[in-house]
Amino acid sequence: MPMDYANRAKWHRSIVAKIFLISFVCIHVPLIALLINFGTAPQSDALTIGLVVLGATLAGTIACLVTMWWLTRPLRDLALAISRYRIGGPFVDEHLNKHGDDEIAVVTRAVCGMVGEISALAERVEGQPGLDPLTGLLNGSAAYGMQLANLARQSGGGAEIVVAVFELEATNAPLAGLERETVDLTLVAVGDVVRQHFAPRQVAARMSDKTFVLVFAGDAPATVSSCCETIRRAVAELEVGSLARGTLRVTFGIAIRRGNEAMADLLHQADMALFRAKDIRRTGLEVLQR
C-alpha cells in the first residue's frame, strides 16, 4: 500500500528513521576514517591503519550509544512516570516530551490523555466502590483500584499486606457447564462464606466468573493461612442445587507485599502462585516464592 503524503512528510521525523541514520553513520565511521587516512597519508604501515580503524570503531560505538541514550530518554521518562503512578503517586507529566511527531511523542500524548480520563473517572466514583450483584463483594474494578499504601497506613505503618486469590471449581463438571441458576446460587453461597469467615476485614472481591481475591492487612501469616483454610473447608461443605457436598473446592494462591508493589502486581503474583498450585494439583495454599 503506497504511503500518503502526510505519512511521507512525517517519515523523516520518525524515531525509526533517526535510529537507522545514526546506526548507518556510526557503522561506517571506521571506513570513513580509513579512507581519510589513505587520502591524507601517502604511506601508512599496518600498525597505523590498525590504530585508525580501532580508534574510529571506538568513537563510532560511543557516539552510537550516547545518541541512542538521548533518543530514548523520553521513553524512560514516560516509564518512570507510569511506575510512580501505579504505586499511588501523582502522574507528573511536566517533564514528559509530548511535542513532536515521532512514535514516542505520540505514545506519550496518548498515555497522558488516558491517565487524565482515568483520574476523572476515579474522582467521579470516589467513595463509591462497585459491588458484585451476586456475591455482595467488591467487583474487580474496585479491587484493582485499591490503594495499598492507604490501607497499610490505616492498619498501622508497618502492617504487612497479603493478597490471596482463590478459584472456585467443581470436581465433577466445570461451572460453566452447569445450569445458570445453580451457578448463581453457588456464587451467592461462596460470597456468604467469605463474609462469614473473612469479617471484619472489608477488602474481598470477585475478580471474574469464579475467581476471588482477599486482602489481609496487618494479619500474621498463621492468621492468613487459618482464614484461607477455613474458607476452603466451608466451601467444600456447601450443597447447592445439583451440587452435592464435597463437589465444590477452591485453590489458593498467596502473594506478600515486600515493597511498594501496586495492587495489580500483587494480583499477578498471587495468580502465578494459584497456577502453580493447580499444576501440582493442590487444593490448599501456595505462596509465590521470589
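Details
- Matching residues in the stretch 168-178 - criterion: being open to solvent by 30 Å² or more (accessible area, probe 1.4 Å) and either modelled with pLDDT of 80 or more or part of a helix (DSSP H, G or I) (or both): 169, 176, 177
- Criterion violated by residue 43 - all others in (1) modelled with pLDDT of 80 or more; (2) of a type in the set (S, T, N, Q); (3) not in a helix (DSSP H, G or I) satisfied: (1)
- Residue 24 being free of Cβ contacts under 8 Å to residues at least 12 places away in the same chain, of a type in the set (Phe, Trp, Tyr), over 30 Å from residue 101 (Cβ atoms) and open to solvent by 80 Å² or more (accessible area, probe 1.4 Å): no
- Yes/no for residue 273 being more than 30 Å from residue 90 (Cβ to Cβ) and within 17 Å of the chain's Cα centre (by Cα): yes
- Residues of the stretch 77-119 that turn out to be of a type in the set (A, V, I, L, M, F, W, C), farther than 23 Å from residue 265 by Cα and either at pLDDT below 70 or not in a helix (DSSP H, G or I) (or both), as a count: 1
- Residue 135, sole failed condition from (1) at pLDDT 75 or above; (2) over 23 Å from the mean Cα position of the chain (by Cα); (3) open to solvent by 50 Å² or more (accessible area, probe 1.4 Å): (3)
- Check on residue 165, of a type in the set (A, V, I, L, M), open to solvent by 40 Å² or more (accessible area, probe 1.4 Å) and at pLDDT 75 or above: no
- From the options 87, 104, residue that is closer than 14 Å to residue 14 by Cα and surrounded by 14 or more Cβ atoms within 10 Å (Cβ to Cβ): 104
- Taking the stretch 207-227 as the range and being in contact with a Phe, Trp or Tyr (Cβ under 8 Å, 6 or more places away or on another chain), over 17 Å from residue 269 (Cα atoms) and not hydroxyl-bearing (Ser, Thr, Tyr) as the test, only 227 passes.
- Identity of the residue in the stretch 5-18, part of a helix (DSSP H, G or I), touching a helix residue (DSSP H, G or I) at 6+ places or on another chain (Cβ under 7 Å) and not basic (Lys, Arg), that ends up modelled with the highest pLDDT: 17
The values are calculated or read from the model by the stated rules, or taken from the named source; none is laboratory data. Predicted model, so just to flag it, every value in this text is computed and none were measured. Ideal geometry is used to build each Cβ from the backbone, glycine not excepted, and the neighbour counts take in all protein chains shown. All accessible areas refer to the heavy atoms of the entire protein, side chains included, with ligands and DNA or RNA removed. Shrake-Rupley method; radii C 1.70, N 1.55, O 1.52, S 1.80 Å.
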